[in-house]
Amino acid sequence: MTLLVIHGPNLNMLGRRQASHYGQFTLEELHEKLIETFPEIDFSFFQSNHEGDIIDVIHDAMDADFDALLINPGAYTHTSVAIRDALDMIQMPKVEVHLSDIENREPFRKVNLIKDVVDKTFMGNKVESYLEAIEFLQTKGVV
Ligand code: DQA
């Protein structure tokens with residue numbers, strides 16, 4: 001089973017961002033945790049600080065062989081109609097993940113342009129949010 005995992009801007013800086021929101025682990029350690037927890041899944045990881053690069057990867061995934069897509073769009077969650085449109089186009093199971101609880105932070109983080117073009121959103125439990133999202137895909141028999 002194959003899962004495309006997309007991380008948006010600033011997530012390459014995990015480990016140096018506010019631990020109270022994001023935890024202390026690095027992006028590399030997050031990837032290791034996913035691989036270790038779900039050895040049966042073939043992960044493809046992508047991180048970019050650039051909106052267009054994220055859109056290109058979503059477009060490429062339309063003709064690729066992934067069973068599902070997991071995205072943490074970072075701050076683009078709150079601003080990117082373009083990433084929303086790309087996600088809306090792609091026909092595969094999709095989940096959105098946030099390390100922090102974006103509904104209980106600054107008011108601007110309550111704006112979520114992504115949530116209604118994905119199957120489900122997981123947030124607020126740091127690395128556990130990723131695990132919950134993948135368990136959800138497994139429960140659905142997707143990955
Ligand atoms: C985030 C939440 C966003 O509001 C923020 O801009 C991020 C990370 C999260 O995982 O909690 O960069 O998506």
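We did not get these values from a lab; they are worked out from the coordinates using the rules stated. This one's a predicted model, so the numbers in the text were calculated from it and none came from an experiment. Cβ sites come from the backbone with ideal geometry, for glycine too, and all protein chains shown count toward neighbours.
One residue is enough: does the stretch 33-41 have a residue meeting the conditions in contact with a strand residue (DSSP E or B) (Cβ under 9 Å, 6 or more places away or on another chain), within 16 Å of M1 (Cβ to Cβ) and within 16 Å of the ligand (Cβ to nearest atom)? Steps first, please.
Taking the stretch 33-41 and keeping what is in contact with a strand residue (DSSP E or B) (Cβ under 9 Å, 6 or more places away or on another chain), we get 34-35, 38, 41.
Then drop every residue that is not within 16 Å of M1 (Cβ to Cβ), which leaves 34-35, 38, 41.
Okay, now just the ones that are also within 16 Å of the ligand (Cβ to nearest atom), so 34.
Looking through the stretch 33-41, at least one residue is in contact with a strand residue (DSSP E or B) (Cβ under 9 Å, 6 or more places away or on another chain), within 16 Å of M1 (Cβ to Cβ) and within 16 Å of the ligand (Cβ to nearest atom).
For the stretch 42-52, give me each residue that is within 16 Å of the ligand (Cβ to nearest atom) and among the charged types (D, E, K, R). Can you show your working first?
So the first thing to find is which residues in the stretch 42-52 are within 16 Å of the ligand (Cβ to nearest atom), and the list is 45-51.
Answer for the stretch 42-52, where residues must be within 16 Å of the ligand (Cβ to nearest atom) and among the charged types (D, E, K, R): just E51.
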Practice prompt. Run down F38, F43 and say which single residue is under 15 Å from the mean Cα position of the chain (by Cα) and of a type in the set (A, V, I, L, M, F, W, C).
Written response: F43
Practice prompt. Can you give me the number of residues within the stretch 15-28 that are in contact with a Leu (Cβ under 8 Å, 6 or more places away or on another chain) and without any contact (Cβ under 8 Å) to a residue 40 or more places away in the chain?
Written response: 3
Item to complete: Working only within the stretch 6-25, note down all residues that are near the ligand (Cβ under 10 Å from one of its atoms) and among the hydroxyl-bearing types (S, T, Y).
Response: Y22
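When you scan the stretch 120-141, do you find a residue that is more than 16 Å from the ligand (Cβ to nearest atom), of a type in the set (S, T, Y) and assigned to a helix (DSSP H, G or I), even just one? Step through it out loud before you land on a result.
Taking the stretch 120-141 and keeping what is more than 16 Å from the ligand (Cβ to nearest atom), we get 135-141.
Subsequent filtering for residues that are of a type in the set (S, T, Y) retains 139.
Narrowing the set further to residues that are assigned to a helix (DSSP H, G or I) leaves 139.
The answer is yes; a qualifying residue exists.
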Fill in: Failed criterion for E96 (all others in (1) surrounded by fewer than 18 Cβ atoms within 10 Å (Cβ to Cβ); (2) within 14 Å of H7 (Cα to Cα) hold)
(1)
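Residues checked against (1) touching a Pro at 6+ places or on another chain (Cβ under 7 Å); (2) in contact (Cβ under 8 Å) with a residue 24 or more places away in the chain; (3) of a type outside the set (A, V, I, L, M, F, W, C):
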residue: E32; (1), (2), (3): no, no, yes
residue: D67; (1), (2), (3): no, yes, yes
residue: V97; (1), (2), (3): no, yes, no
residue: L131; (1), (2), (3): no, yes, no
